[in-house]
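First the structure, in the form of structure tokens, and then the observations on it.
A short reminder: the numbers here are calculations on the coordinates, not readings from a lab. Since this is a predicted model, take the numbers as computed values, not measurements. Cβ atoms come from the backbone with ideal geometry, glycine included; neighbour counts cover every protein chain shown.
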């Protein structure tokens, strides 16, 4: 890395003495993360995720791709209006229409950023863009100039940057900075790079681009080879000062660099990587659970940092060591990521005031009177059925209640007859656009009967791709958390539902997926979303 005495960002000189070790966290859960099959979020869900990211201290939040659909535009605009401290970015291809649409959505933000991009690898230019390098070069200059005339903070990305010829990459990076880009993001779009190679690429830019000190260098790594975090950290080691990432590592194909992993790596190993971020790591677990609940993407048990087994020790020798001194097998504390032991402090005799205070303790802000009342009623129902009510139970039912508040199709009641003799039947009552509807269906087992009842009341052509159940806590009376994946005409959605009764949780999950299909149907699929 070049040892510069200062850098100019947006025309303002900044001393590296205070900034050289700070790594900006650019979260793209709402944009790249949402491109995961089945991962659509509606406007209210996007705002909820954005607010917890801002609370966490994320520097830049990429809220979406405004030209993709009216829903995406509205979501970016509402996120831009809601956030007070974080920068809000909107993605735009290298066209005036995209950039203008992005600026229209972002203009009310306290700190707006236009993120524009264009492919630069020989393969992408020839096959996807069908453009000559000189035409690509001029388009980059024109698009960045146009974006900078609208917004003081412009990020530019060469899509497929890790497979771009070095001479051409240096040339277009220099031109983008000269045209007004304040951040240069180098994507490993297809997750092809390895750490030594990727760090060498970043070093090459620092050594060969004469005006590189006028911009922040960023990296955006995909996880196709499982190297997104390693590549990102390698880039930071040679000068990159922004990492693009997502909660739980969600994203296209194998996903993106996981925010929780890269942030905790920097926090845990300052001896090897003497860099800092602004992220409050104690909010990581809550953010992870929120994103998992909204998207319907469960976190794998052995997932680093936020997986259920991340702080579990089964081997006897490990358990013995941890009991004597946690540092024998724990390199970070559960508390450092906001994971605390479940405390049984609520029960069926707890009142609404105590429940409200508990929600505040768990990090929930003002949910609104209707949501709190609905969540409290579900808590009382759960407390009547379940001997021990843990924090995880309350978090699960509150998140489940919130995400279904604005649904067109809502669960009302279910009665099931099951057993080995059959037939298995389901009596189901739903509220559809404010009107009650009932039906009774037979099935090959209780789940089949329940799902047939839903289809009778809500006719659709979607097919069931995944049905998955896991327990929120231990014990035979644990709440069930069900994930359902539906596919309709090439569009995939995940739904998630929670209840003490597995079949009720199944209905909630299926309805969540059906409600999300309406959001998915509206979205278009513009070319080249994957920078």
*Multiply the residue separation of residue 271 and residue 406 by 0.36 nm, subtract the distance between their alpha-carbon atoms, and state the gained length in nm to one decimal.*
43.8 nm
_Taking every DSSP beta bridge with both residues inside segment 21-295, roughly what % is antiparallel (nearest 5)?_
5
*Within segment 246-270, whose backbone N sits under 15 Å from a point 7 Å along Cα→Cβ of residue 278?*
none
*To the nearest Å, what is the center-to-center distance of segment 177-210 and segment 419-456, using C-alpha atoms only?*
55
*Within 10 Å of each residue's Cβ, count the other Cβ atoms and sort 36, 374 from fewest upward.*
374, 36
*Report, please, the projected area of segment 21-295 averaged over directions, based on the convex hull of its C-alpha atoms, in nm².*
12.6
_So, R0 is 25 Å and r is the distance between the beta-carbons of residue 331 and residue 361; what FRET efficiency does that work out to, to 0.05?_
0.35
*Could you work out how far apart the two model spin labels at residue 166 and residue 97 are, taking each label as a point 7 Å from the Cα in the direction of the beta carbon, and quote it in nm?*
3.9
_Separation between Cα centres of segment 247-305 and segment 33-103, rounded to whole Å_ = 19
_Helix-only CD estimate at 222 nm, as mean residue ellipticity for the chain, using -39500 (n - 2.57) per DSSP H run (n ≥ 4)_ = -12000 deg cm²/dmol
*Using the alpha-carbon atoms, what tilt in degrees (0 to 90, nearest 10) does helix 195-208 show relative to the longest principal axis of the chain?*
40
_Run the numbers for residue 311 and residue 123: contour at 0.36 nm per residue of separation, minus the present Cα-Cα distance, in nm._
63.3 nm
*Would you list 382, 362, 150 from fewest to most Cβ contacts within 10 Å?*
362, 150, 382
*Which whole-number percent is the relative contact order of the chain (Cα, under 8 Å, 6+ apart)?*
13
*Let a ≥ b ≥ c be the square roots of the eigenvalues of the Cα gyration tensor of segment 341-531; is it rounded (a/c under 1.5), or, if not, prolate (a/b larger than b/c) or oblate?*
oblate
*residue 413 paired with residue 439, simple spin-label distance in nm, labels 7 Å along Cα-to-beta-carbon*: 1.9
_Give me 22, 289 sorted ascending by neighbouring Cβ count inside 10 Å, so fewest comes first._
22, 289
_For the pair residue 134/residue 207, report the inter-label distance in nm, with labels modelled 7 Å from Cα in the Cβ direction._
3.0
*Cα-based Rg of the chain per 2.2 N^0.38 Å, rounded to two decimals?*
1.02
_I'd like the orientation of helix 352-361 relative to the chain: the angle between its Cα long axis and the longest Cα principal axis, in ° from 0 to 90, rounded to 10._
30
*Roughly what angle does helix 391-403 make with the longest principal axis of the chain, taking Cα atoms, 0 to 90 degrees, to the nearest 10?*
80
